[in-house]
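The values are calculated or read from the model by the stated rules, or taken from the named source; none is laboratory data. Just so you know, these numbers come straight off a predicted model, no measurement behind them. Here the Cβ positions follow ideal geometry from the backbone for every residue, glycine too, while neighbour counts run over all protein chains shown.
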Amino acid sequence: MKQADYVIIGAGPAAVAAAETLRSSDINGSIAIISRENISPYSRMALPYFLTGQISQKGTYLRKSSDHYKQQNITLYHATVAGIDAQNKQVALESGGRISYGKLLIATGASPIKPPLPGLDLPGVHHCWTLNDAKAIAERAGDGANIVLMGAGFIGCIILEALMSRGASLTVVEAEDRMVPRMMDDVAGNMLKSWCEHKGMTILTSTRVASVADAGGKLDVTLDSGDSDIVDLVVVATGVKANVDFASDMGLEIEEGIKIDQHMQTNLPDIYAAGDCAQGRDFSTGLWSVHAIQPTATEHGHIAALNMSGRKAAYKGSLNMNVLDTAGLISSSFGQWQGVEGGDSAQSIDAERYRYTNLAFEGDRLIGALTIGRTQNIGILRGLIQSRTKLGVWKTRLMKNPNRIAESYIANTHM
């Protein structure tokens with residue numbers, strides 16, 4: 001039986017950050033990462049750039065040096081986890097082997113959701129979630145290819161630019177009434193839709209794919225409106241769910257993801273969780289939720305590792321934040337951008353130039369923000385929200401002109 005002082009299940013940003021922090025905190029402890037993919041740990045957020053040809057496969061790797069993990073004395077196992085024996089502190093592998101641990105970190109990430117529709121198992125229907133997915137998409141997404149993209153959420157909007165850059169004819173089908181509904185309000189979502197249509201895409205909101213059928217090597221896609229089209233490729237980007245099924249019967253507290261406390265520890269001794277599979281503290285609300293974004297995963301992994309190695313570190317909570325580049329138009333959302341009951345909001349809209357700012361306040365504190373086409377204040381917005389800065393008279397000024405955010409920051413941080 002193999003064994004390690006620290007075992008990490010998963011090989012994404014949370015896992016790699018945790019392994020490196022463990023090595024810094026415990027130079028002698030043995031560290032093992034279990035990856036179910038037989039390649040070096042990589043970033044899923046880099047896959048669109050791989051699709052466009054901007055980077056090679058090696059460019060997707062989280063650490064570029066071929067011997068990085070060996071130099072860090074971190075052992076990489078390429079295997080699939082079958083389950084965890086928490087009582088005996090062992091990880092069971094599908095191959096039949098076992099790895100015993102002193103401390104365990106579950107950083108298994110998330111998997112794409114496949115809607116229960118006919119035809120989504122056909123050749124030519126892919127998620128864009130793994131390197132193999134990206135390679136399969138690249139084979140069909142050539143110049144002039146006709147493609148249907150299911151979903152215009154955060155992941156879908158990252159993928160659509162890569163598909164368009166390959167010269168494809170793209171139809172985006174989104175069930176909600178606007179693009180990126182979890183990060184944008186009606187104004188922002190429809191502004192983004194207009195931008196994409198101007199770039200030559202067909203954007204169908206409040207629409208669903210009803211079925212996909214084989215059409216002699218191509219795909220016949222039928223919509224809930226009854227319209228249909230013959231396409232070369234269907235890409236599914238309809239959301240993700242935490243990878244926790246393998247751990248569902250071992251006594252872990254699981255809701256959206258694995259519940260963790262402020263030290264990233266689960267309800268079971270010596271077992272921690274981090275990243276997209278973990279339900280951690282939300283900075284804005286104080287509640288527990290899953291924030292499936294890479295900065296949160298990396299921070300989770302770092303904090304978890306400090307606690308695993310005996311260095312107590314409390315997690316203050318992740319800020320719900322997204323920055324998105326959609327065919328050249330930058331959008332961002334932070335914190336409680338929807339606002340709160342009894343709070344105020346201020347908007348600035350310039351539809352012709354694709355510029356939008358929406359600030360949400362609670363009292364005289366900024367608690368959330370949305371922007372389209374305004375990149376210069378992204379760091380300032382995050383800083384004001386996370387610092388819970390009392391804006392004083394500047395709240396009134398921002399209510400009149402929300403684009404004076406930089407002046408507000410300077411006035412309230414250089415007093």
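Would you mind stating whether Ala305 is in contact (Cβ under 8 Å) with a residue 24 or more places away in the chain and in a loop (DSSP other than H, G, I, E, B)? I'd like the intermediate steps shown before the answer.
Details: in contact (Cβ under 8 Å) with a residue 24 or more places away in the chain: yes; in a loop (DSSP other than H, G, I, E, B): no.
No.
Only one residue in Ile155, Ile203 is touching a Pro at 6+ places or on another chain (Cβ under 9 Å), of a type in the set (Val, Ile, Thr), buried (at least 18 other Cβ atoms within 10 Å of the Cβ) and within 30 Å of Leu359 (Cα to Cα). Which one? Lay out the reasoning, then the answer.
Numbers: Ile203 fails: touching a Pro at 6+ places or on another chain (Cβ under 9 Å).
Of the residues listed, the single one that is touching a Pro at 6+ places or on another chain (Cβ under 9 Å), of a type in the set (Val, Ile, Thr), buried (at least 18 other Cβ atoms within 10 Å of the Cβ) and within 30 Å of Leu359 (Cα to Cα) is Ile155.
Scanning segment 56-79 for residues that are in a loop (DSSP other than H, G, I, E, B) and over 25 Å from the mean Cα position of the chain (by Cα), which turns out surrounded by the fewest Cβ atoms within 10 Å (Cβ to Cβ)?
Taking segment 56-79 first, the residues in a loop (DSSP other than H, G, I, E, B) are 56-57, 62-67, 72-73, 79.
If we keep only those that are over 25 Å from the mean Cα position of the chain (by Cα) too, we end up with 66-67, 72-73.
Details: Ser66: 11, Asp67: 8, Gln72: 17, Asn73: 12.
So the residue we want is Asp67.
Can you name the number of the only condition in (1) more than 27 Å from Leu149 (Cα to Cα); (2) surrounded by 15 or more Cβ atoms within 10 Å (Cβ to Cβ) that Ala82 fails?
(2)
Right, Ser66: at pLDDT 95 or above and out of contact with any strand residue (DSSP E or B) (no Cβ under 8 Å at 6 or more places or on another chain) or not? So that I can check it myself, show each step before the final result.
Values: at pLDDT 95 or above: no; out of contact with any strand residue (DSSP E or B) (no Cβ under 8 Å at 6 or more places or on another chain): yes.
Taking the combined requirement at face value, the residue does not satisfy it.
Going residue by residue through segment 180-187, is there one that turns out to be without any contact (Cβ under 8 Å) to a residue 12 or more places away in the chain, farther than 17 Å from His127 by Cβ and not in a strand (DSSP E or B)? Don't jump to the end; show me each part of the working.
In the first step, residues of segment 180-187 are kept if they are without any contact (Cβ under 8 Å) to a residue 12 or more places away in the chain; the result is 186.
With the extra rule that they be farther than 17 Å from His127 by Cβ, the set shrinks to 186.
Filter once more, so that each one left must be not in a strand (DSSP E or B): 186.
Checked segment 180-187: at least one residue is without any contact (Cβ under 8 Å) to a residue 12 or more places away in the chain, farther than 17 Å from His127 by Cβ and not in a strand (DSSP E or B).
Within segment 37-55, is even one residue loosely packed, with under 15 Cβ neighbours inside 10 Å and farther than 30 Å from Phe154 by Cα?
Within segment 37-55, not a single residue is loosely packed, with under 15 Cβ neighbours inside 10 Å and farther than 30 Å from Phe154 by Cα.
Limited to segment 291-301, what total is found for residues that are in contact with a strand residue (DSSP E or B) (Cβ under 7 Å, 6 or more places away or on another chain) and either within 13 Å of Lys316 (Cα to Cα) or part of a helix (DSSP H, G or I) (or both)?
Residues of segment 291-301 that are in contact with a strand residue (DSSP E or B) (Cβ under 7 Å, 6 or more places away or on another chain), as a first pass: 291-293, 296, 299-300.
Keeping just the survivors that are either within 13 Å of Lys316 (Cα to Cα) or part of a helix (DSSP H, G or I) (or both) gives 296, 299-300.
Looking only at that region, the number is 3.
Determine which single condition Glu176 fails, assuming it passes every other condition in (1) under 21 Å from Asn320 (Cβ atoms); (2) modelled with pLDDT under 95.
All conditions are met except number (2).
Being on the phi > 0 side of the Ramachandran plot and modelled with pLDDT of 95 or more is the requirement here; does Lys89 meet it? Before the answer, list the steps.
Details: on the phi > 0 side of the Ramachandran plot: yes; modelled with pLDDT of 95 or more: yes.
So Lys89 passes the test.
Please state which of the following conditions Ala175 fails to meet, knowing it meets all the rest: (1) more than 25 Å from Ser56 (Cβ to Cβ); (2) free of Cβ contacts under 8 Å to residues at least 24 places away in the same chain.
(2)
Which residue, of Ser345, Ser309, is under 30 Å from Arg23 (Cβ atoms), of a type in the set (Ser, Thr, Tyr) and surrounded by fewer than 21 Cβ atoms within 10 Å (Cβ to Cβ)?
Numbers: Ser345 fails: under 30 Å from Arg23 (Cβ atoms).
Residue meeting the stated conditions: Ser309.
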